[in-house]
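Everything below concerns the one structure shown next.
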Amino acid sequence: MLKIIPRTIAILTVGACLPLAAPSLVAQGPERSSPDYERYRVELKIGELEKGKSVDSRSYVMVMAKSKKQDRATGRIRVGSRVPYAIKTGEFSYQDVGMNIDCNLFPLDGDHVQAELTVASNSLASREQVSPVNTNPVFRNLNWSGTPAVVLGKPTVVSEVDDVASDHRYQIEMTVTTIK
C-alpha cells in the first residue's frame, strides 16, 4: 500500500500539469504573423576592412513587430563592457565599449521599408595601432545614423565609412525580411 501512494501522487502531479504544458507545445509550431500586426527580422552586419580585405565582421539580429495601429516597429540592442583606465596613480575611470543599435522601421509599400537607424560602436584600438609609450587604452568610435529605404529580403549596404586614424573602412549592411 505504501508503494502505491508515491506513484499515485506522481501520476496526479503529471496529470495536473499537462494543461499548463499544452499552450507551450502549441507555441512551438511554425511562426505566423497575426493579421493584427506585422513582424520583421532585421539583420545588421558591421564589417571592418583593411585595404579592401575583411578583418572583422559582426552580426546583430532583432525581431520587431508593428501593430496595425502603430506607424513603426522598434528595436534596440545594447551590448558591451566597461573598460577601466588609469587617470592618476591608484585612480581609475571607465569607458563603455561595445555596440549600441537603435532601429525604427516604417513600411513604405509591399517591397520596401524605411529605417531610422543609429549605430554607435566603441572599441579598443589594437596594440599595433597605439604608440608603444602609451600605457592607457585607445578608444575607437564609429557613430552613424540615417534613414535608408531598403528592399525587403535584399542585403543593402547602407553606409561605408573610412577610419581617419587607420587604413580601415567600416561597412554597415542591413537586411530586413518579413516573418509570415
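Only one of (1) touching a Lys or Arg at 6+ places or on another chain (Cβ under 7 Å); (2) over 14 Å from Val42 (Cα atoms) is not met by Glu173, so which one is it?
(2)
Hey, does segment 107-116 have a residue that's touching a Ser or Thr at 6+ places or on another chain (Cβ under 9 Å), over 15 Å from Tyr40 (Cβ atoms) and surrounded by 12 or more Cβ atoms within 10 Å (Cβ to Cβ)?
no
Does any residue in segment 135-163 that is over 29 Å from Tyr85 (Cβ atoms) come within less than 9 Å, Cβ to Cβ, of a residue that is among the basic types (Lys, Arg) and modelled with pLDDT of 90 or more six or more places away or on a different chain, and which pairs are these?
Pro155/Lys45; Glu160/Arg169
Identify, from the list Val157, Val151, the residue that is closer than 17 Å to Leu49 by Cα, exposed (fewer than 15 other Cβ atoms within 10 Å of the Cβ) and modelled with pLDDT of 85 or more.
Every option except Val157 fails the conditions.
Would you mind stating whether Phe106 is assigned to a strand (DSSP E or B), under 25 Å from Met174 (Cα atoms) and among the aromatic types (Phe, Trp, Tyr)?
On the way: assigned to a strand (DSSP E or B): yes; under 25 Å from Met174 (Cα atoms): yes; among the aromatic types (Phe, Trp, Tyr): yes.
Criteria met by Phe106.
Evaluate the following for Arg169: is it in contact (Cβ under 8 Å) with a residue 60 or more places away in the chain and touching an Asp or Glu at 6+ places or on another chain (Cβ under 9 Å)?
Spelling it out, Arg169 is indeed in contact (Cβ under 8 Å) with a residue 60 or more places away in the chain and touching an Asp or Glu at 6+ places or on another chain (Cβ under 9 Å).
For Tyr94, state whether it is at pLDDT 90 or above and more than 16 Å from the chain's Cα centre (by Cα). Talk me through it step by step, then tell me what you get.
On the way: at pLDDT 90 or above: yes; more than 16 Å from the chain's Cα centre (by Cα): yes.
When the stated conditions are applied, Tyr94 passes them.
Among the residues of segment 73-91 satisfying the criterion of being among the aliphatic types (A, V, I, L, M) and surrounded by 12 or more Cβ atoms within 10 Å (Cβ to Cβ), which is farthest from the chain's Cα centre (by Cα)? Show your work before the answer.
Going through segment 73-91, the residues among the aliphatic types (A, V, I, L, M) turn out to be 73, 77, 79, 83, 86-87.
Going one step further and asking which of them are surrounded by 12 or more Cβ atoms within 10 Å (Cβ to Cβ), we end up with 73, 77, 83, 86.
Numbers: Ala73: 15, Ile77: 5, Val83: 21, Ala86: 31 Å.
Checking each candidate, the answer is Ala86.
Which number in (1) assigned to a strand (DSSP E or B); (2) at pLDDT 90 or above; (3) over 18 Å from Ser123 (Cα atoms) marks the one condition that Ile87 misses?
Of everything listed in (1) assigned to a strand (DSSP E or B); (2) at pLDDT 90 or above; (3) over 18 Å from Ser123 (Cα atoms), Ile87 misses just condition (2).
The values are calculated or read from the model by the stated rules, or taken from the named source; none is laboratory data. All values reported here derive from a predicted model rather than from experimental measurement. Because the Cβ atoms are built from the backbone with ideal geometry, glycine has one as well, and the counts that use them run over all protein chains shown.
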